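Asker: This is the structure I have questions about; it appears just below.
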Amino acid sequence: MKSSLYLPAEWEKQSGIQLTWPHSGTDWAHMLKEVQSCFIEIAYEIAKQELLLIVAPNIDEVKSQIGQKVNMNNVRFIECETNDTWARDHGAITIIENGVPKLLDFKFNGWGLKFASNYDNLITTECYKQNVFEADYANRLNFVLEGGSIESDGKGTLLTTSRCLLSPNRNGEWKKQQIESYLKKSFGLQQILWLDYGYLAGDDTDSHIDTLARMCPNDTILYVKCTDENDEHYKELCKMEEQLKSFRTPEGHPYRLIPLPMADTYWFDSERLPATYANFLILNNVILYPTYNQPKNDIKAASVLQEAFPEYKITGIDCQALIKQHGSLHCVTMQYPEKVIKHDKPCQK
């Protein structure tokens with residue numbers, strides 16, 4: 001039985017997915033066609049399954065890019081200014097309170113003041129003003145929180161990393177105990193599992209959990225495993241694995257742990273990039289996962305995901321473009337549970 005207040009798991013039924021579209025005013029300007037091609041593939045796969053909400057400063061440009069391929073009957077648009085494309089972190093986080101969905105609008109400050117976020121921090125309120133949501137709205141702009149930094153099992157357990165949530169440039173005046181109390185109250189949690197280890201080279205987020213470990217149905221956690229003792233991540237990810245083994249459900253049971261392969265070292269402009277298979281997206285009947293032109297690892301990752309989600313179709317999307325800006329598939333999307341995005345405004349081509 002669900003609590004009167006809870007944070008849904010990503011695999012619970014959804015009303016749709018948000019994408020915030022790349023444009024010439026973003027950091028993607030130097031590789032715009034390449035990344036837009038990736039976004040078109042993501043949009044195509046999402047709109048085959050459920051509603052797609054696209055946020056962009058010029059929606060006519062986006063329509064011209066996707067109109068010949070994407071199911072436009074499943075697309076809704078919001079036109080507003082944006083800094084970047086990372087919807088996972090500037091999108092609203094949905095809770096269910098007494099059976100009613102509520103959008104919590106937390107503050108987004110560019111991953112601890114690293115990048116401009118003045119427009120992105122206003123996207124949720126703009127979506128609400130433009131009447132695309134039928135859920136309630138709650139202002140939580142007093143607290144910095146990104147969707148990529150938390151994982152929920154929908155049953156009262158939250159998985160996160162201490163490196164991110166305790167970052168001094170997010171909520172520096174808050175102690176760990178204060179943050180834990182605030183999150184438990186906000187999300188109706190029984191427990192928070194804090195990962196103290198794990199990182200990926202090239203990651204700008206201070207170790208978002210969705211790059212390292214993901215909660216899945218049936219008390220399962222998928223996590224990135226490094227087997228190369230010469231890799232710079234080896235010791236840290238081994239410590240992360242041991243800590244995951246120590247975690248228990250509220251009932252006192254260990255989690256079922258399934259390792260994901262670690263992507264081979266991926267370099268661009270002399271910089272190692274944070275390619276990770278943990279950055280997959282759960283749709284209503286499909287798992288979309290990032291591929292990196294590494295056939296052996298790409299295939300292995302699909303097999304692991306199928307093990308964790310046996311009733312889902314597993315579909316890969318080439319995300320080499322996304323990691324050139326240090327993110328991947330889950331980072332550019334945000335899911336909304338059922339009864340959040342309105343279904344009464346079909347797009348006009």
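The values are calculated or read from the model by the stated rules, or taken from the named source; none is laboratory data. It should be emphasised that the depicted structure is a prediction, and the values quoted were computed from it without experimental measurement. Neighbour counts run over all protein chains shown; Cβ positions are idealised from the backbone, glycine included. Calculation scope for accessible area: heavy atoms of the full protein, side chains included, ligands and nucleic acids excluded. Shrake-Rupley method; radii C 1.70, N 1.55, O 1.52, S 1.80 Å.
Asker: Take S270 and decide whether it is out of contact with any helix residue (DSSP H, G or I) (no Cβ under 7 Å at 6 or more places or on another chain), of a type in the set (S, T, N, Q) and at pLDDT below 95.
Answerer: yes
Asker: Report the residue count in region 157-215 for those that are in a helix (DSSP H, G or I), under 21 Å from H233 (Cα atoms) and of a type in the set (D, E).
Answerer: 1
Asker: In region 271-309, which residues are of a type in the set (K, R) and within 15 Å of I323 (Cβ to Cβ)?
Answerer: If the condition is that a residue be of a type in the set (K, R) and within 15 Å of I323 (Cβ to Cβ), then R272 is the only one that fits.
Asker: Something else about it: Any chance region 59-72 includes a residue that's in contact with a helix residue (DSSP H, G or I) (Cβ under 9 Å, 6 or more places away or on another chain), open to solvent by less than 30 Å² (accessible area, probe 1.4 Å), more than 25 Å from N279 (Cα to Cα) and not β-branched (V, I, T)?
Answerer: Yes.
Asker: I'm checking my understanding of the structure. Among residues of region 178-208 that are without any contact (Cβ under 8 Å) to a residue 60 or more places away in the chain and in contact with a Gly (Cβ under 8 Å, 6 or more places away or on another chain), which one is nearest to Y255 (Cα to Cα)?
Answerer: Q191
Asker: May I pose another question? Suppose we keep only residues that are of a type in the set (A, V, I, L, M), closer than 23 Å to G327 by Cα and out of contact with any Gly (no Cβ under 9 Å at 6 or more places or on another chain) within region 105-132. Which one would you say is modelled with the highest pLDDT?
Answerer: L122
Asker: Would you be able to say whether some residue in region 287-306 is part of a helix (DSSP H, G or I), buried (at least 19 other Cβ atoms within 10 Å of the Cβ), under 18 Å from the mean Cα position of the chain (by Cα) and at pLDDT 95 or above?
Answerer: yes
Asker: Name the residues in region 241-286 that are open to solvent by 20 Å² or more (accessible area, probe 1.4 Å) and among the β-branched types (V, I, T), would you?
Answerer: T265
Asker: Any idea which of S15, S4 is of a type in the set (S, T, Y) and at pLDDT 95 or above?
Answerer: From the options S15, S4, the qualifying one is S15.
Asker: While we're here: Return a yes/no flag: does region 148-158 have any residue that is surrounded by fewer than 21 Cβ atoms within 10 Å (Cβ to Cβ), of a type in the set (G, A, S), at pLDDT below 95 and farther than 15 Å from T205 by Cβ.
Answerer: No, region 148-158 contains no residue that is surrounded by fewer than 21 Cβ atoms within 10 Å (Cβ to Cβ), of a type in the set (G, A, S), at pLDDT below 95 and farther than 15 Å from T205 by Cβ.
Asker: Now for a different question. Can you name every residue in region 15-24 that is farther than 14 Å from I66 by Cβ and open to solvent by 10 Å² or more (accessible area, probe 1.4 Å)?
Answerer: S24
Listed here are the residues, each with its yes/no results for (1) open to solvent by 10 Å² or more (accessible area, probe 1.4 Å); (2) touching a Phe, Trp or Tyr at 6+ places or on another chain (Cβ under 7 Å); (3) at pLDDT below 95.
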| residue | (1), (2), (3) |
| --- | --- |
| S181 | yes, no, no |
| K184 | yes, no, no |
| G198 | no, no, no |
| H208 | no, no, no |
| L212 | no, yes, no |
| L222 | no, no, no |
| K225 | yes, no, no |
| D228 | yes, yes, no |
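Asker: Check off (1) of a type in the set (D, E, K, R); (2) surrounded by 15 or more Cβ atoms within 10 Å (Cβ to Cβ); (3) without any contact (Cβ under 8 Å) to a residue 60 or more places away in the chain for K175 and give me the number that stays unchecked.
Answerer: Condition not satisfied by K175: (2).
Asker: Further question: Quickly run through region 111-146 and pick out the residues that are open to solvent by 10 Å² or more (accessible area, probe 1.4 Å) and part of a helix (DSSP H, G or I).
Answerer: W111, L113, N121, L122, T125, E126, Y128, K129
Asker: When you go through E81, E34, E41 one by one, which is the residue that is under 22 Å from the mean Cα position of the chain (by Cα), within 23 Å of F108 (Cα to Cα) and open to solvent by 40 Å² or more (accessible area, probe 1.4 Å)?
Answerer: Among E81, E34, E41, only E81 is under 22 Å from the mean Cα position of the chain (by Cα), within 23 Å of F108 (Cα to Cα) and open to solvent by 40 Å² or more (accessible area, probe 1.4 Å).
Asker: Can you confirm whether region 308-319 contains a residue that is under 16 Å from the mean Cα position of the chain (by Cα), buried (at least 20 other Cβ atoms within 10 Å of the Cβ), of a type in the set (A, V, I, L, M, F, W, C) and under 16 Å from L281 (Cβ atoms)?
Answerer: yes
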